[in-house]
Amino acid sequence: MMGPSHALSGAAVWLAGSWALDHFAGYEQSPLALAVGTAVCAGGALFPDLDLSGKVTRNQGGATVARTFGVFSLFLAEVMEKVSLGVYYATKLSRDPRRSNGHRTLTHTIPFTVLVGWGTTTLCAAYGKWAVIGILFFMFGLALRGLFDEWAERAGWVVVTLASLGAAWFTFANLPGDRGYPMIGLAVGVGCFVHILGDMITRAGVPILWPIPIKRRMWTPVSLPDSIALRAGGKTEVVVVRAALTVIAVLAAVGLVAPSLLQRFDIEV
Ligand SMILES: [Zn+2]
């Protein structure tokens, strides 16, 4: 899937999940907590593709997400790609092919998803609001890149960086400290997981079973069969999938926010 679809799927899943939690378990979130969770999950849904690096020294190439914060995130992508490749070679079995880059390996696995979610939660718990602001800044940047891709392209990375910083600061100042932290880690983890699923329904295989060895392969690519898989960036993905995700996101958001709005204006339901 392309960046905008990944980000949109993260947002839709978070909103739908929040609606389900609210509706079936009575777990309510403030509008700000909802907005933050949705943005973080949208950003998290782009995070695994930060393993697509370009040429840092010449400031060229890289996935769109790798360019979110200009050459800084391009450098991070380079590190993530090399670390992923290192882990690939460290764990590869005899039937795993040789590779020259680490794209769609480590960052597209369940252990990575869990590690990122757990790591985020741990950072937030250990360093409190300063860790929160840093993580929010980063995730907001990715979310802006994904959800408003055309705007981000025109605005450039400096504006995206400043906008993310502003949004992170605003959240930092307004989000109560009591129950927001584990939700941030969860949102990042869920986002990463949704990304992997998104890549699986396109023809790009992901090593979702790693580290389970199968027939002398540790990095078995898993995807839908070609006949029903979506073509990345094809019409079905860009039109049908994005429209469906938008409808889900909007319905869930309305379902979450409408009751309290009606209540505020004293309208009986
Ligand atoms: Zn991917």
>> Being in contact with an Asp or Glu (Cβ under 6 Å, 6 or more places away or on another chain) and modelled with pLDDT of 90 or more narrows it down to one residue among 222, 206, 160; which is it?
In response: 206
> Restricting attention to the stretch 210-233, which residues are within 16 Å of the ligand (Cβ to nearest atom) and part of a loop (DSSP other than H, G, I, E, B)?
Replying inline: 210, 219, 221, 223, 224, 229, 231, 232, 233
> What are the residues in the stretch 194-206 that are more than 10 Å from the ligand (Cβ to nearest atom) and buried (at least 23 other Cβ atoms within 10 Å of the Cβ), if any?
Replying inline: 194
> Can you tell me which residues in the stretch 112-158 are surrounded by fewer than 21 Cβ atoms within 10 Å (Cβ to Cβ) and within 16 Å of the ligand (Cβ to nearest atom)?
Replying inline: 116, 149
> For the stretch 91-110, what are the residues that are surrounded by fewer than 15 Cβ atoms within 10 Å (Cβ to Cβ) and more than 16 Å from the ligand (Cβ to nearest atom)?
Replying inline: 93, 94, 95, 97, 98, 100
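From the list 165, 186, 245, pick out the single residue that is surrounded by 14 or more Cβ atoms within 10 Å (Cβ to Cβ), free of Cβ contacts under 8 Å to residues at least 60 places away in the same chain and within 19 Å of the chain's Cα centre (by Cα).
Numbers: 186 fails: free of Cβ contacts under 8 Å to residues at least 60 places away in the same chain; 245 fails: free of Cβ contacts under 8 Å to residues at least 60 places away in the same chain.
Only one candidate qualifies: 165.
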> So residue 72 fits all but one of (1) more than 16 Å from residue 10 (Cβ to Cβ); (2) within 16 Å of the ligand (Cβ to nearest atom); what number is the exception?
Replying inline: (2)
>> So the check is Cβ under 6 Å with 6+ separation or different chains; which pairs have a first residue in the stretch 16-36 that's without any contact (Cβ under 8 Å) to a residue 12 or more places away in the chain and a second one that's part of a helix (DSSP H, G or I) and charged (D, E, K, R)?
In response: 28/22
> Within the stretch 198-209, how many residues are within 19 Å of residue 114 (Cα to Cα) and part of a loop (DSSP other than H, G, I, E, B)?
Replying inline: 3
>> Suppose the filter is touching a strand residue (DSSP E or B) at 6+ places or on another chain (Cβ under 9 Å) and either part of a helix (DSSP H, G or I) or surrounded by fewer than 11 Cβ atoms within 10 Å (Cβ to Cβ) (or both); does residue 236 pass it?
In response: yes
>> Yes or no: the stretch 61-75 includes at least one residue that is out of contact with any helix residue (DSSP H, G or I) (no Cβ under 6 Å at 6 or more places or on another chain) and of a type in the set (Phe, Trp, Tyr).
In response: yes
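The values are calculated or read from the model by the stated rules, or taken from the named source; none is laboratory data. Just so it is clear, the structure is predicted and the values come from calculations on it, not from any experiment. Glycine also receives a Cβ, built like all others from the backbone with ideal geometry; neighbour counts cover every protein chain displayed.
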